[in-house]
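Heads up: the structure comes next, in structure tokens.
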Amino acid sequence: MKGKFITFEGCEGSGKSTQLRMLGEYLDGLGVDYVMTREPGGSAIAEEIRKIILSGKNAEMCDECEALLYAAARVQHLKEKIAPALESGKLVICDRYVYSSLAYQGYARGLGREYVESINNFALKEYPPYLTVFLDISPAEAFNRKHGADPDDRIEQLGLDFHCKVYEGYKKIAEDYPNFFAVDCLGTKYQTQEKIRALLKEKGAI
Ligand code: TYD
């Protein structure tokens, strides 16, 4: 792999999209040749799979099917877009990657880490990220900050429960994967962006 592969992770409301936009502006200013992409999706076929996964019509989808579809979208996106960009020496930045599957499907859905790792073997073995930035804010803090989630709202509480499991999953992943770095994002978006840039520089990613 000639280029470097950087991935971003975080719970809902962690400000990932804002941080990625700010990072893109910074890289543009530096004149870096990079590809910014996202999961699930990032290529025509993977975007089709994304629609199936996220569609409200597919409420009966079982957890295994969900995990396999994320893995299918991932391998297509990797082969079609990420790998060629890396081989040509570009920096690739991806909004979510295999660690989302470990946190959401492995931990929160309860499929287990081994199952999720096994169906994502290609991504984990052939294209492990050079570095992963985890935007570290708990779902409770994120809901308070962004949406003001109502503690008496049953649906929001159900949601919060699930997202807390996702967050716990990410914390375990951070212990096990050496290139997975948590960035505290309780400050302003500008402070968080500074931390991200400093981390990328310190680790030789940019
Ligand atoms: P998206 O609208 O892109 O959310 P976000 O802005 O938070 O990234 O929707 C992607 C959703 O898919 C998000 O809820 C996380 C989830 N997801 C998984 O459950 N497993 C995965 O492997 C990936 C890549 C995403």
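Going by the structure shown, is A71 under 15 Å from the mean Cα position of the chain (by Cα), more than 22 Å from P139 (Cβ to Cβ) and within 10 Å of the ligand (Cβ to nearest atom)?
Yes.
Scan the range 86-113 for residues that are assigned to a helix (DSSP H, G or I), over 16 Å from E175 (Cα atoms) and more than 9 Å from the ligand (Cβ to nearest atom) and jot them down.
L86, E87, listed by residue number.
Go through the range 114-129 residue by residue and tally those that are in a helix (DSSP H, G or I), within 14 Å of the ligand (Cβ to nearest atom) and either under 29 Å from E202 (Cβ atoms) or under 11 Å from the mean Cα position of the chain (by Cα) (or both).
3
Please identify the pairs in which a residue from the range 20-49 that is at positive phi has its Cβ atom under 6 Å from the Cβ atom of a residue that is surrounded by fewer than 18 Cβ atoms within 10 Å (Cβ to Cβ), counting only partners at least 6 apart or on another chain.
G41/E47
Can you run down the residue pairs with Cβ atoms below 8 Å, 6 or more apart or on separate chains, where the first is in the range 56-67 and farther than 18 Å from G110 by Cβ and the partner is of a type in the set (V, I, T) and within 13 Å of the ligand (Cβ to nearest atom)?
Qualifying pairs under 8 Å: N58/I52.
Test each condition in (1) hydroxyl-bearing (S, T, Y); (2) outside any strand (DSSP E or B); (3) within 14 Å of the ligand (Cβ to nearest atom) for T132 and report the one that comes out false.
So T132 meets the others, but not (2).
Every number in this text was worked out from the coordinates using simple rules, so none of it is lab data. Here the structure is a predicted model, which means the values were calculated and not measured. Backbone-built Cβ (ideal geometry, glycine too); neighbour counts: all protein chains shown.
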